[in-house]
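What follows is one structure encoded as structure tokens, with my remarks underneath.
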Amino acid sequence: MKGIGSWACAAAALVSGALAASYDDIPAIEVYGQHFFYTNNGSQFYMKGVAYQQNYSPNGSTSANTSYSDPLADGNACKRDIPLLKQIYTNVVRVYAIDPTKNHDDCMSQLATAGIYVIADLGEPSVSIQSNNPEWDVTLYSRYTGVVDALQKYKNVIGFFAGNENVSSGNQTAAAAFVKAAVRDTKGYIASQNYRSTLGVGYATADVPTRDQLAAYFACQPGNAGNKTSIDFWGYNVYSWCGDSNYAASSYGERVQFFSDYPVPVFFAEYGCIEGLSGGPTSRPFTEVAVLYGNMTDVFSGGIVYEWFMGDNDYGLVSLVNSASASPYPDFTSLQSQLATVSPTITMKSTYTPSNSAPACPSVGTSWQAKASPLPPTVNPQLCACMVSSLQCNIKDTNEADYADVFNYICGAKSDFCAGITRNATTGTFGSYSGCNPKDQLAFAANQYYLGNSKSAAACSFDGKATRQSASTASSCAALLSSVGTAGTGAVPTATGKASGAAGSSSSKGAAVGSYSPGQFKYGGVVMGAWVAVAVGSLLGMLAL
């Protein structure tokens with residue numbers, strides 16, 4: 001089905017002249033009102049992007065059996081692909097998982113030299129906010145902040161997605177609270193580390209029935225929080241324009257109308273339907289391009305085509321011939337031709353005055369199960385470590401599969417024992433230690449049970465999973481522990497400094513590759529099933545949302 005021949009990219013002059021410091025020289029992109037702008041001259045920036053990650057399933061699910069490869073850590077692959085990316089006018093790539101322990105200088109310099117920016121998702125397959133069992137804890141915080149640490153120095157990084165399609169059905173809306181908390185803490189971390197102020201944090205949604213509520217929830221600013229909990233940009237994974245559709249049939253017009261008064265930039269974080277094409281998946285005509293960069297530009301800031309690499313889901317624009325060359329499919333040429341003809345109107349920042357305000361937060365009800373305030377508490381790794389050291393009864397079992405019965409026993413004996421680890425997104429009830437990792441949460445509950453049973457030795461056993469220890473409180477811990485109180489229900493102080501150890505590795509295990517079907521959730525589809533009370537965290541079976 002390939003329409004044009006293989007391209008050998010190794011000798012491309014575009015890449016061979018890359019300078020090591022090029023990512024320092026490229027102008028950063030900033031968010032101002034509803035648009036993106038270049039910081040050097042104030043002209044508007046429209047995304048002409050491609051999703052750039054091989055064999056990856058980016059939606060909100062996890063598994064323990066699949067690895068991923070960091071696309072920004074392979075300089076030779078970037079050298080192979082960048083000349084082809086420029087042939088389709090690419091100025092941004094979206095990557096779904098990077099390894100924060102690897103060096104990205106080579107690829108990021110090549111991309112910057114080619115004028116290509118990056119938006120990076122913060123999770124990875126085995127460390128992301130799950131749709132059905134959401135949580136926001138130390139492991140996730142360490143992963144997210146680790147990615148920020150790894151990429152913040154590159155001026156061609158526009159920002160990050162704190163979540164992607166974490167809410168894909170009506171019974172998953174509670175997960176939004178944990179993603180919004182991740183947005184808050186990631187933005188707070190960027191500010192606390194004095195990283196570049198133009199780095200943004202957003203969310204990408206599928207085209208689901210709750211799309212309007214999701215958009216309002218992530219942009220709303222409850223109470224006096226200001227923009228601390230709201231997204232900086234909104235990504236929309238849209239596959240409603242198939243073949244030679246049109247503005248009305250694809251519902252593009254409805255999207256423009258809805259987002260016309262949205263306070264932050266909106267763009268297609270994924271697009272490029274392959275359904276119903278007589279020539280097969282690689283014959284996409286990309287007729288939506290003229291509309292996206294035409295009469296939609298007052299509201300939308302362009303889009304990102306899904307995807308670069310051909311995989312089992314048939315969305316790829318190219319196939320790899322070998323490590324040094326790639327072969328484009330016919331839809332590569334179609335996309336190239338369509339983008340060659342567009343010339344969106346450029347707004348200058350100096351003549352633009354933002355006028356849109358934050359929307360109201362959606363109310364909790366039958367179709368929406370996440371309160372906007374209070375959110376899950378800020379994650380504070382130091383607080384969790386201090387708490388564990390202060391305990392007289394600790395958990396020594398490191399096999400998390402053993403924890404569920406102990407949680408159920410302790411919390412069933414007396415709910416007060418578990419008040420400090422409660423997570424309920426619908427009522428907005430969260431214990432101060434609900435952001436600690438499962439072992440530490442169980443240790444807190446076990447210690448509460450031990451103290452509540454007169455420190456009996458038998459009350460700190462749990463079939464050998466727990467052990468007594470000498471409690472200690474370092475001077476640096478006293479104020480933290482005092483703030484949350486002995487019951488673990490007080491205010492959680494904001495974390496300072498860096499989390500110890502960045503979670504993530506390109507050999508990490510995660511979601512099944514090749515199974516992602518981006519068109520699975522389309523607006524207008526039937527909501528599957530009624531709302532059920534989902535237990536938050538795979539280990540906290542008795543703590544309902």
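The values are calculated or read from the model by the stated rules, or taken from the named source; none is laboratory data. Keep in mind the model is a prediction, meaning the values are calculated, not measured. Here the Cβ is made from the backbone with ideal geometry for all residues, glycine too, and neighbour counts use every protein chain on show. These accessible areas exclude ligands, DNA and RNA; they are computed on the full protein's heavy atoms, side chains included. Shrake-Rupley method; radii C 1.70, N 1.55, O 1.52, S 1.80 Å.
Assorted remarks:
- The residue 322 and residue 278 beta-carbon pair, evaluated with R₀ = 30 Å, returns a calculated FRET efficiency of approximately 0.45.
- Direction-averaged projected area, Cα convex hull, the range 57-173: 7.9 nm², rounded to one decimal.
- Rolling a 1.4 Å probe across the protein heavy atoms gives the range 222-262 an accessible surface of 42 Å² per residue.
- Residue-level accessible surface for residue 67, protein heavy atoms, 1.4 Å, Å²: 60 Å²
- Compared with the dominant Cα axis of the chain, that is its longest principal axis, helix 438-452 is turned about 20°.
- Accessible surface ranking that places the most exposed of 192, 343, 432 first, with a 1.4 angstrom probe: 343, 192, 432
- The range 297-382, accessible surface, carbon-and-sulfur percent (1.4 angstrom probe): 48 percent
- Total lysine pairs whose alpha carbons fall under 21 Å of each other in the range 366-494 (8 or more apart, or interchain): 9
- Rule-of-thumb Rg ratio for the range 109-187 [Cα; 2.2 N^0.38 Å; N residues]: 1.20
- All Cα-Cα separations within the range 390-442 were binned at 10 Å from zero, giving a P(r) of 22, 57, 19, 1, each value a whole percent of the pairs.
- Counting only residues at least eight positions apart within a chain, or on another chain, the lysines with an alpha carbon under 23 Å from that of residue 155 are 48, 79, 86, 102, 187, 228, 349, 498.
- Distance from the range 224-300 to the range 361-420 (C-alpha centre basis), Å: 38 Å
- Low-density loop cleavage sites - GluC sites (Glu not before Pro) in the range 269-313, where at most 16 other Cβ are within 10 Å (DSSP): 275
- Summarising the label geometry, the points placed 7 Å from Cα in the beta-carbon direction at residue 350 and residue 478 lie 5.7 nm from one another.
- The order of the peptides 222-230, 349-357 by mean Cβ neighbours within 10 Å, most packed first, is 222-230, 349-357.
- Helix 175-192 axis, angle to the chain major axis (alpha carbon atoms, nearest 10°): 80 degrees
- In a fully extended conformation the segment linking residue 225 and residue 392 would gain 56.4 nm over its present Cα-Cα distance, using 0.36 nm per residue.
- Accessible-area rank, largest first, for 282, 345, 113: 345, 113, 282, with all protein chains present and a 1.4 angstrom probe.
- Distance cut-off 45 Å, percentage of C-alpha pairs in the chain lying past it: 16 percent
- For residue 236, the residues whose amide H sits under 5 Å from its own are 205, 267, 268, 269, 270, ignoring neighbours fewer than 5 places away on the same chain, with H placed 1.01 Å from N.
- Zone of residue 471's modelled label, taken as backbone nitrogen in the range 386-400 under 15 Å from a point 7 Å along Cα→Cβ: 386-395
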